[in-house]
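Each remark here refers to the structure printed beneath this line.
Just so it is clear, none of the values below were taken in a lab; they were calculated from the coordinates. Owing to the predicted nature of the structure, the values given are computational and were not obtained by experimental measurement. So basically every Cβ, Gly included, is an ideal-geometry build from the backbone, and we count neighbours across all protein chains shown.
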Amino acid sequence: MSGLLAARGHRLTDERDEADLWLLNSCTVKNPAEDHFRNMVEEGLIRGKKVVAAGCVSQGKPSSDYLKGLSIIGVKQIDRVVEVVEETLQGNSVRLLGGTRKDPGVPLDMPKVRRNPLIEILAINSGCLNRCTYCKTKFARGDLVSYPPDQIVARAKQSFAEGVVEIWLTSEDTGAYGRDIDTTLPELLWQLVDVIPDGCRLRLGMTNPPYMMDHLDEIARVLVHPRVYAFLHVPVQSGSNAVLRDMRREYNVDDFSRVVSILRRKVPGISIATDIICGFPTETEEDFEETLALCRKYNFPTLFINQFFPRPGTPAARMKRLPTQEVKRRSRLLSQFFQSYSPFDNRVGQKYTVLVTETAHDDKHYVGHNQFYEQVLVPRDVSLMGKLVDVEIVSTCKFSMTGKPVNTSVPQRPTAVGPLRKGQVSGMRRRSKPVANAVSWWYRLSVLVLALAIGIRIIQVVYMQFFSHSGSRKDSVDTEGGLQHGGTQAFSAGENIF
Ligand code: SF4
């Protein structure tokens, strides 16, 4: 949306007071995010700003009291953001909430402003094939609609041509990619690998177990490729089959374990992250113990722990809740376990090549990632940003390692092209291309027509020559007369010959 607005000439700002209009995007995955969105809408109105609501929350419940009278842009309509914003600036209220089920919603070649000019976040599909009982995202995003591989590959190529060094593939479930268009995730990944420049990398996004199980061997082959991070986010949500069934997750604990075990065997060193929901309404103490046991078995380096919260309108919201204190106790126990181990013990002295792409929260370091997408902090030195840097690990903590650049190695930029400036609109160069093509098409057509006209003229002359020698005197005079005295008319007559 930022890209379209910037391309149209609107000025984007992060300063709330400066803005004439607040465009607020929303996420319905967690309740705090929804509360925050509501607070922002109310704050914008109190400050006298025009407000446009976007994203899953407003799509899922446009009739909410706090959205009354506001412009809303649906998740499948964001390519019309300029229209909505401009109408709203004129004092009108516009609501675009439609979109067909077969439409992923947002053309991939839309102009965009990357938050980080070194990283392209590329949606490969919208929606999913599941109906998890706790999920509200499904209400807004609907069923699976995949982007065609050629569009995704074209966007990737364009991104690298604009100096991007890392691509993140995202969606509600990347594992389901392609099931609606007769292709598969591995087929897409191999096509992408072909266009990733050496030294640049691809990170695969969240992948639920059910659909990737059909392609595990092939996914493993992709994940060992040097241009792909050996990293996967596979949310298990619970270690209890009974709870997984009540969540309607479409897999069991053995399925998940098979995914983890096969990937760990076939992709040495792979990082696997997972999610757990603590305190699902039907989760017994024994079920929770099974979840703890699963986490103990795999010691996941990254574990996202969420307390169950009923999302209005979902089947799980109609189930009897566990006491809040019990939900908190379980998430605390799991957090304590997670904090009890460190995935980076014994890494001091190890050497890695890291791709540096971000600034750390402490503002003193940059963040790079090694081949396993493990976080390595390096000194904040501008000459390292966007480059492959050889480092030696000097210290570690629970979530990251700190590396010292190796003196004998020169940091390398993976591509010759520099990134766009922060805030610069991506995709503008691409948009001009069809115009160039159109011009050359017309040029080619004109040349063809001219060549045909010359050809016809030659035939005409030969024809006249023939009849001037073999036909009657009258015929010859008539034809020549036409040519000599009526040039323009003669060309009209030429068209008639056709
Ligand atoms: S896979 Fe489940 S949790 Fe994820 S978006 Fe689909 S329904 Fe929601």
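General remarks:
- Calculated FRET value between ASP150 and VAL394, using beta carbons and R₀ = 56 Å, to 0.05: 0.80
- Using alpha-carbon coordinates, inclination of helix 253-266 to the longest axis of the chain, degrees: 70
- Summing Lys and Arg as +1 and Asp and Glu as -1 over all other residues whose Cβ lies under 9 Å from the Cβ of LEU355 gives a net charge of +1.
- Rounded to the nearest angstrom and listed largest first, the equivalent-ellipsoid semi-axes of region 289-405 from its Cα gyration tensor are 37, 17, 11.
- Dipole in debye (nearest 20) - the chain, about Cα centre, beta carbon charges: Lys, Arg +1; Asp, Glu -1: 460
- Here the translational diffusion coefficient of region 129-235 follows from Stokes-Einstein with Rh set to the Kirkwood radius across Cα pairs; for 20 °C and 1.002 mPa s it amounts to 148 µm²/s.
- Compared with the dominant principal axis of the Cα atoms in the chain, helix 31-46 is inclined by about 60°.
- Paramagnetic label reach from SER342 (point 7 Å along Cα→Cβ; backbone nitrogen cut-off under 13 Å): within region 392-418, residues 394-402.
- CYS27-GLU218 FRET efficiency (beta carbon distance; Förster radius 35 Å; 0.05 resolution): 0.65
- Here the spin labels are modelled as points 7 Å beyond Cα on the Cα-Cβ line, and at ASP14 and GLU43 they lie 1.4 nm apart.
- q = 0.12 Å⁻¹: log10 I(q)/I(0) that the Debye formula gives for the chain, counting C-alpha atoms only: -1.24
- Along each principal axis, taking the top coordinate minus the bottom one, the Cα set of region 1-133 gives 41, 35, 26 Å in descending order.
- Bridging of LYS61 to lysines at a Cα separation below 18 Å is possible for LYS30, LYS76, LYS136, LYS138, once same-chain residues fewer than 8 apart are set aside.
- Note, ³J(HN,Hα) from phi for region 66-83, Karplus 6.51, -1.76, 1.60, rounded to Hz, x at Gly and Pro: 6, 9, 4, x, 8, 6, 10, 10, x, 5, 9, 10, 5, 6, 9, 4, 4, 4
- The length gained on full extension between LYS364 and LEU448, counted as 0.36 nm times the residue separation minus their Cα-Cα distance, comes to 23.9 nm.
- Partnerless Cys - the chain, beta-carbon criterion under 4.7 Å: CYS27, CYS56, CYS128, CYS200, CYS278, CYS295, CYS397
- Computed over the chain, relative contact order equals 11 percent, with contacts defined as Cα pairs under 8 Å that lie 6+ residues apart.
- Förster radius 25 Å - calculated FRET efficiency between ASN116 and LYS157, Cβ distance, rounded to 0.05: 0.85
- Extension gain (nm, one decimal) between VAL417 and ALA242, 0.36 nm per residue minus Cα-Cα: 57.8 nm
- Percentage, to the nearest whole number, of Cα pairs in region 119-339 over 27 Å apart: 36
- Straight-line cross-link reach from LYS351 at under 20 Å between alpha-carbon atoms covers these lysines, not counting any fewer than eight positions away in the same chain: LYS387, LYS398, LYS404.
- Cβ charges +1 (Lys, Arg) and -1 (Asp, Glu), total dipole of region 2-96, debye: 280
- Electrostatic bookkeeping for GLY418 treats Lys and Arg as +1 and Asp and Glu as -1; over the other residues with beta carbon under 13 Å from its beta carbon, the sum is +3.
- Acute angle (nearest 10 degrees) that the helix 285-298 long axis makes with the longest principal axis of the chain, alpha-carbon atoms: 70
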